[in-house]
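Peer 1: One structure is given below, represented as structure tokens, and several questions about it will come after.
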Amino acid sequence: MRKIVVVGGGAAGMMAAIKAAERGNRVILIEKNEKLGKKLFITGKGRCNVTTNKDIEDIIKHIPGNSSFMYSSLYTFTNQDLMKMIEDKGVKLKVERGDRVFPESDKSSDIIKCFEKYLKENNVEILLNTAVKDILTEDRKVIGVELDVNRSIKCDAVILATGGMSYPLTGSTGDGYEFLRRLGHTIMPIKPALVPLVAKEKWIKELMGLSLKNVELTVKSNNKTIYNDFGEMLFTHFGISGPMVLSASRKVSDILPKEVEIFIDLKPALDYNELDKRILKDFEKFKNKHFKNALDELLPSKLIPVVVDLSEISPEKPVNSISKEERSKLVRLLKEFKVTVIGTRPIEEAIITRGGVNVKEINPSTMESKIIKDLYVVGELLDVDAETGGFNLQIAFSTGYCAGISC
Ligand SMILES: Cc1cc2nc3c(=O)[nH]c(=O)nc-3n(C[C@H](O)[C@H](O)[C@H](O)COP(=O)(O)OP(=O)(O)OC[C@H]3O[C@@H](n4cnc5c(N)ncnc54)[C@H](O)[C@@H]3O)c2cc1C
């Protein structure tokens with residue numbers, strides 16, 4: 001019987017521990033928090049978008065960072081395998097818009113409980129409130145782990161599943177990167193990904209809390225469109241956030257620190273001409289009103305003072321005296337509402353970490369290090385990152401699975 005230590009009780013670590021134990025190994029799962037799955041608990045706003053219902057080829061397309069590394073593990077342990085494993089423990093799942101899979105209960109705690117059941121059934125020993133300080137090796141082979149309480153555990157293999165660096169209060173403080181660096185691995189630059197964006201415009205604060213649905217977002221650099229999406233977004237006290245913005249953040253951060261222009265089409269269902277007609281209709285209806293009071297049916301109330309200001313049309317101007325030129329400028333403003341991005345929020349506020357251990361140094365079928373024998377690296381520690389939609393957790397589960405069955 002081999003003795004396996006799994007470091008980190010998140011999605012990847014729990015999966016790896018279960019699979020290693022199912023194969024008859026003695027498995028010790030070490031977690032520095034007082035409980036397992038703290039990050040898992042907050043995923044999907046507490047609902048846990050546990051995976052996606054898309055097929056594997058489609059999943060690969062939603063992994064902009066090192067997708068080719070993921071082929072083997074995603075085919076070895078698919079999203080359908082994960083859904084079956086969860087449902088086998090009585091947790092019903094449902095598929096929502098965009099093929100996103102959630103527990104029917106909308107409770108991430110049900111997913112955690114499901115994994116805890118598997119861990120218990122397979123007699124995985126769990127050490128909570130215990131932080132690993134280092135990985136012990138001899139002749140480039142794992143021999144154990146050093147703990148924070150002046151003791152070490154000898155073992156035959158270590159599966160490192162300490163996560164990335166985002167939301168560090170959940171326990172993911174980047175410890176694994178340090179262990180791996182010390183062992184000779186290359187850590188690709190760590191950056192925030194799926195992260196809110198900071199805007200230059202002063203008026204952005206006035207829009208704080210405004211959420212927009214069914215708008216179109218276009219990211220431009222040197223007048224060339226580099227990203228385009230349709231969906232939901234949110235204004236915050238520093239800039240913009242929400243699903244569409246988080247997805248765009250990867251392309252945006254590739255251009256930063258150069259300023260990046262984001263254009264929001266507030267009325268994507270209407271072309272410029274149709275929108276002009278619509279505005280004209282509103283102006284006829286409110287012909288005795290001032291400009292600032294004539295946009296109530298067109299725009300959310302928070303947006304009106306900002307649009308009025310940016311339009312350079314006097315707020316007190318009676319709408320029946322607004323010229324065609326002024327109207328066409330207003331149409332352009334609404335179709336190309338510009339936000340200038342000057343930065344991202346820090347990694348603490350990012351959904352995931354981009355960068356991590358160089359995937360060229362890891363076997364993509366087994367997750368074993370090519371530098372240290374019997375060391376396996378899984379989950380967000382790897383330099384792999386995906387879009388929102390359940391892909392990142394599937395990456396954690398599939399890589400965890402492969403290490404668990406291989407170690
Ligand atoms: C707010 C938020 C919402 C998200 N929502 C979704 C979603 O709905 N769907 C999705 O697919 N992805 C989502 N993600 C991303 C997803 O949560 C991560 O990609 C995934 O949790 C990574 O799993 P992991 O096991 O690699 O790392 P983690 O889940 O971070 O687990 C790592 C564990 O290791 C422990 N650890 C660290 N260092 C040590 C040490 N030295 N000793 C012992 N233990 C240690 C940590 O305490 C932690 O429990 C979300 C992320 C955030 C922040």
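Peer 1: So which GluC sites (Glu not before Pro) in region 45-140 pass both tests, a DSSP loop state and at most 14 other Cβ atoms within 10 Å of the Cβ? Before the final figure, lay out each step's value.
Peer 2: Numbers: sites: 57, 87, 96, 104, 116, 121, 125, 138; in loops: 104.
Listed in order of number, the matching sites are 104.
Peer 1: Taking only protein heavy atoms and a 1.4 Å probe, what accessible area per residue, in Å², does the chain have with all protein chains in place? Provide the component values of the computation, followed by the final result.
Peer 2: Details: 18140 Å² over 407 residues.
About 45 Å² of surface per residue is accessible.
Peer 1: Starting from the Cα of residue 293, step 7 Å along the direction of its Cβ; do the same at residue 84; then give the gap between the two resulting points in nm.
Peer 2: For residue 293 paired with residue 84, the spin-label model returns 6.7 nm.
Peer 1: Roll a 1.4 Å probe over the protein heavy atoms and report the accessible area of residue 155 in Å², nearest 10.
Peer 2: My reading of the accessible area for residue 155 is about 10 Å².
Peer 1: Computed over the Cα atoms, what is the radius of gyration of region 1-99 divided by 2.2 N^0.38 Å, N being its residue count?
Peer 2: 1.19
Peer 1: Let me ask you something else. Report, largest value first, the span of the C-alpha coordinates of region 196-344 along each principal axis, in whole Å.
Peer 2: Principal axes ranked by extent give 48, 28, 24 Å for the Cα atoms.
Peer 1: While we're here: Pairs to check: 258/335; 19/141; 251/277; 84/120; 200/335; 45/113. Give those whose C-alpha atoms are more than 26 Å from each other in this structure.
Peer 2: Details: 258/335 24 Å; 19/141 22 Å; 251/277 35 Å; 84/120 19 Å; 200/335 20 Å; 45/113 17 Å.
Flagged as over cut-off: 251/277.
Peer 1: Could I ask something else about it? Return the distance in nm (one decimal) between the two label points of a simple spin-label model at residue 218 and residue 1, each offset 7 Å from Cα along Cα→Cβ.
Peer 2: Taking the two extended label points, one gets 6.4 nm.
Peer 1: Sticking with this one: What is the gain in length, in nm to one decimal, between residue 136 and residue 271 on full extension, counting 0.36 nm per residue of separation less the C-alpha to C-alpha distance?
Peer 2: 42.2 nm
Peer 1: Just to confirm the number: angle between the C-alpha axis of helix 272-285 and the first principal axis of the chain, 0 to 90 degrees, nearest 10?
Peer 2: 60 degrees
Peer 1: So if I place +1 on the C-beta of Lys and Arg and -1 on the C-beta of Asp and Glu, and nothing else carries charge, what would the dipole magnitude of the chain be about its Cα centre? I want it in debye, nearest 20.
Peer 2: Values: 61 positive and 56 negative charges, 56 e Å.
My answer is approximately 260 debye.
Peer 1: Can you list the equivalent-ellipsoid semi-axes of the chain, largest first and in whole Å, using the square root of 5 times each Cα gyration tensor eigenvalue? Please report the intermediate quantities before stating the final value.
Peer 2: Working: eigenvalues 489, 85, 59 Å².
Over the Cα atoms of the chain, the ellipsoid semi-axes are 49, 21, 17 Å.
Peer 1: Here is a follow-up. Please find, in a Gaussian network model of the chain (springs between Cα atoms separated by less than 10 Å), the residue of 373, 324, 251 whose mean-square fluctuation is greatest.
Peer 2: 324
Peer 1: Using alpha carbons only, how many degrees (0 to 90, rounded to 10) separate the axis of helix 108-121 from the longest principal axis of the chain?
Peer 2: 10 degrees
Peer 1: Kindly provide the helix-only [θ] at 222 nm of the chain, computed as the sum of -39,500 (n - 2.57) over DSSP H runs of four or more divided by all residues, to the nearest 500 deg cm²/dmol? Walk me through the numbers before you get to the answer.
Peer 2: Working: 12 runs with 124 residues, N = 407.
Helices in the chain give a 222 nm mean residue ellipticity of -9000 deg cm²/dmol.
Peer 1: Counting only protein heavy atoms, what percent of the accessible surface of the chain is carbon or sulfur at a 1.4 Å probe? Can you show the working numbers first?
Peer 2: Working: 9050 of 18140 Å².
Answer for the chain is 50 percent, counting heavy atoms of protein chains only.
Peer 1: Hey, got the dipole for region 196-344? About the Cα centre, +1 on K and R Cβ, -1 on D and E Cβ, debye to the nearest 20?
Peer 2: Working: 25 positive and 22 negative charges, 19 e Å.
The calculation lands at about 100 debye.
Peer 1: Roughly how far apart, in whole Å, are the Cα centres of region 9-63 and region 77-141?
Peer 2: When both Cα centres are located, 4 Å separates them.
Peer 1: In degrees from 0 to 90, rounded to the nearest 10, what is the angle of the helix 324-335 Cα long axis to the longest principal axis of the chain?
Peer 2: The angle comes out near 10 degrees.
The values are calculated or read from the model by the stated rules, or taken from the named source; none is laboratory data. Computed from a predicted model, the values in this text were never measured in an experiment. Glycine gets a Cβ as well: all are built from the backbone with ideal geometry, and neighbour counts include every protein chain shown. Quick note on the areas: whole protein, heavy atoms, side chains included, nothing else; ligands and nucleic acids left out. Shrake-Rupley method; radii C 1.70, N 1.55, O 1.52, S 1.80 Å.
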